[in-house]
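Working notes, beginning with the structure itself.
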Amino acid sequence: MTNTKVVLACRPTGAVEDSNFNLVTEAVAPIKSGEVLIKIEAISLDPAIRGWMNEGTTYIKGIEIGAVMRSFSAGKVIESKNDAYGEGDYVEGLLGSQTYAISNGEGLKKLEMSAGKLSHHLGVLGMPGMTAYFGLLRRGKPQVGEVIYVSGAAGVVGSTVGQIAKIKGCTVIGSAGTDAKCDYLLNECGFDYAINYKTEDIDVKLKEYAPKGVHIFYDNVGGETLDIALLNLAQGARVVICGAISQYNNMGSIQGPKNYMKIVTARGVLTGIIVFDFVQEWPIAVKEIATWIAEGKINVKEHIAEGLENYASTLKMLYTGQNFGKLILVP
Ligand SMILES: NC(=O)c1ccc[n+]([C@@H]2O[C@H](COP(=O)([O-])OP(=O)(O)OC[C@H]3O[C@@H](n4cnc5c(N)ncnc54)[C@H](OP(=O)(O)O)[C@@H]3O)[C@@H](O)[C@H]2O)c1
């Protein structure tokens, strides 16, 4: 049996390039006692991968040169020498961007397939969905009648944040980079307002849509977007820093918030979220989000690409806005 894997060939200096990766094939090793062999069926491509390609450590250590590209992946157990997993079980974990993975069970999650299809367990029911749920509910703390602005709104995190905020009785404003994405937010996700940040002035639009300011700013983008949002806070606002995708290709000289004193005048809170801090509670959130999906309260959009040979071009989509929905690679 042959495993095909994408490995890190060298670290990018700016945007990701094809030359940063190599495609390697090797024989699949026999599994040992306590291990399982998994045939990977879906690979999650997440914005954080760009950060993981850097040397050093943030909340997680950078990928070593020559190592398989780190990713949440999901698939089927095809051989097991671990009592906790049987052949045919569907599982998910940090299994890498490859066709087969061997796991000793550490960090491996058995999937409840009745909650949603495999790709959903990497998106709205997986790490990004958990980020939206806990980032909004625990850090943003939405109250009925409040106004929330979410940037990067058409992605899996942003669209889930906005839709949960609607469920919680908020007025929801989202920004995204194309008219098609804005239409999706308004017509399929039930957002109240959508801003195309490439053709419209976010500051002007926020003043129009939220004349009394925003109570929650859920930021996936950072940079200039964060600065503009800080100018539009309501009293007692919560600013949730979830990500800063506009900065990921240039973390050496990040564009920081120059308007941070607005937190003072708003008597606000600037707070961060790391989804892994809530891992013990993920099952509760999976259940609740699956229920909302079944009730038609959360719309799920996925962007499925195929072929490990297309890894680089697919990953690049995240940083250019070419993906429309949760980006999944079928190996
Ligand atoms: N803190 C945590 O624990 C945690 C966990 C998971 C994810 N996150 C963060 O959540 C955010 C969203 O992740 P996701 O998986 O839902 O990705 P996503 O939104 O599906 O994909 C990334 C999107 O970012 C937008 N983008 C790219 N470059 C941009 C730029 N320069 N300025 C503005 N927008 C840009 C693009 O959409 P447009 O077409 O709209 O530009 C692109 O489609 C990311 O920042 C990610 O790092 C944080």
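The values are calculated or read from the model by the stated rules, or taken from the named source; none is laboratory data. The model shown is predicted, which means the values in this text are computed figures rather than measured ones. Please note: Cβ atoms are built from the backbone with ideal geometry, for glycine as well, and neighbour counts cover all protein chains shown.
Does at least one position in the range 113-125 carry a residue that is under 14 Å from E288 (Cα atoms), within 16 Å of the ligand (Cβ to nearest atom) and touching a Leu at 6+ places or on another chain (Cβ under 9 Å)? Among the residues of the range 113-125, at least one is under 14 Å from E288 (Cα atoms), within 16 Å of the ligand (Cβ to nearest atom) and touching a Leu at 6+ places or on another chain (Cβ under 9 Å), which makes the answer yes.
Taking the condition more than 30 Å from I228 (Cβ to Cβ), charged (D, E, K, R), not in a strand (DSSP E or B) and not assigned by TED's automatic domain parsing to the domain that holds G169, does E106 pass? Spelling it out, E106 is indeed more than 30 Å from I228 (Cβ to Cβ), charged (D, E, K, R), not in a strand (DSSP E or B) and not assigned by TED's automatic domain parsing to the domain that holds G169. For I78, the conditions (1) over 22 Å from I274 (Cα atoms); (2) aliphatic (A, V, I, L, M); (3) buried (at least 18 other Cβ atoms within 10 Å of the Cβ) are fulfilled apart from (3). Pairs are defined by a Cβ separation below 6 Å, a sequence spacing of at least 6 or placement on different chains, a first member in the range 197-208 that is free of Cβ contacts under 8 Å to residues at least 24 places away in the same chain, and a second member that is assigned to a loop (DSSP other than H, G, I, E, B) and within 12 Å of the ligand (Cβ to nearest atom); the pairs so defined are K198/G177. The residues in the range 8-38 that are assigned to a strand (DSSP E or B) and of a type in the set (D, E) can be counted, and the count is 1. Looking only at the range 41-50, residues that are outside any loop (DSSP other than H, G, I, E, B) and more than 8 Å from the ligand (Cβ to nearest atom) come to 6 in all.
Among residues of the range 148-195 being surrounded by fewer than 18 Cβ atoms within 10 Å (Cβ to Cβ) and near the ligand (Cβ under 10 Å from one of its atoms), the one that is nearest to L233 (Cα to Cα) is T178. Looking only at the range 51-72, decide whether some residue is buried (at least 16 other Cβ atoms within 10 Å of the Cβ), within 15 Å of the ligand (Cβ to nearest atom) and not in a loop (DSSP other than H, G, I, E, B). Yes.
To keep it simple, each residue is scored yes or no on (1) modelled with pLDDT of 95 or more; (2) surrounded by 13 or more Cβ atoms within 10 Å (Cβ to Cβ); (3) not small (G, A, S).
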| position | (1), (2), (3) |
| --- | --- |
| V204 | yes, no, yes |
| V221 | yes, yes, yes |
| L233 | yes, yes, yes |
| G243 | yes, yes, no |
| Q255 | no, yes, yes |
| K258 | no, no, yes |
| M261 | yes, no, yes |
| T271 | yes, yes, yes |
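Comparison of S80, S73, S119 shows that the only residue that is within 16 Å of N3 (Cβ to Cβ) and either of a type in the set (K, R) or touching an Asp or Glu at 6+ places or on another chain (Cβ under 9 Å) (or both) is S73.
Considering the conditions (1) under 17 Å from the mean Cα position of the chain (by Cα); (2) surrounded by fewer than 21 Cβ atoms within 10 Å (Cβ to Cβ); (3) farther than 16 Å from P47 by Cα, Q280 is excluded by exactly one of them, (1). Screening the range 222-331 for helices (runs of 4 or more DSSP H) wholly inside it with 3 or more residues that are more than 13 Å from the ligand (Cβ to nearest atom) and out of contact with any helix residue (DSSP H, G or I) (no Cβ under 6 Å at 6 or more places or on another chain) returns the ranges 262-265, 282-294. V77 meets all of the listed conditions (1) more than 20 Å from the chain's Cα centre (by Cα); (2) assigned to a loop (DSSP other than H, G, I, E, B) but one, namely (2). Considering the range 114-124, and only residues there that are small (G, A, S) and part of a loop (DSSP other than H, G, I, E, B), the residue that is modelled with the lowest pLDDT turns out to be G116.
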